[in-house]
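What follows is a single structure, written as structure tokens, with notes after it.
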Amino acid sequence: MTKYIVEVQADNTGTWAGNGRQFDTVEKASTYAIDLSMRWTSVREWRVVPLDRPITPGHGQETVDNSTDR
């Protein structure tokens, strides 16, 4: 079963960062991302990243872009 994580951009460097919290569905991850962006006002963009394997530094991952205009 695929898990999903949320990544955000909180500055103008273009760097994506996440806390590794995993969700069972894109919808749950998206709900978390929207809530996070409301609470943490420095979030500029967010995306949901599917994980087919455990998070391991250095592995490329496909992304599902759910960014919103702010």
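The length gained by stretching the chain between Asp11 and Arg39 to full extension, at 0.36 nm per residue less their Cα-Cα distance, is 8.5 nm.
For the stretch 2-9, backbone phi angles converted through the Karplus equation (6.51, -1.76, 1.60; θ = phi - 60°) give residue-by-residue couplings of 6, 9, 10, 10, 9, 10, 10, 10 Hz, Gly and Pro being listed as x.
Charge dipole of the stretch 4-50 (Cα centre as origin; +1 on each Lys and Arg Cβ, -1 on each Asp and Glu Cβ, all else neutral): 60 debye, rounded to the nearest 20. The 3J(HN,Hα) values that the Karplus relation (6.51, -1.76, 1.60; θ = phi - 60°) gives for the stretch 10-21 are, in residue order, 10, 8, 9, 7, x, 7, 8, 9, x, 9, x, 4 Hz. Gly and Pro appear as x.
In order along the stretch 30-40, the Karplus-derived 3J(HN,Hα) couplings, from 6.51 cos²θ - 1.76 cosθ + 1.60 at θ = phi - 60°, round to 5, 4, 4, 4, 5, 4, 4, 5, 6, 7, 10 Hz, and Gly and Pro are given as x.
None of the figures in this text is laboratory data; all of them are computed from the coordinates on show. As the structure is a prediction and not an experimental result, all values here were calculated from the model. Note that each Cβ is placed from the backbone with ideal geometry, even for glycine, and that neighbours are counted across all protein chains shown.
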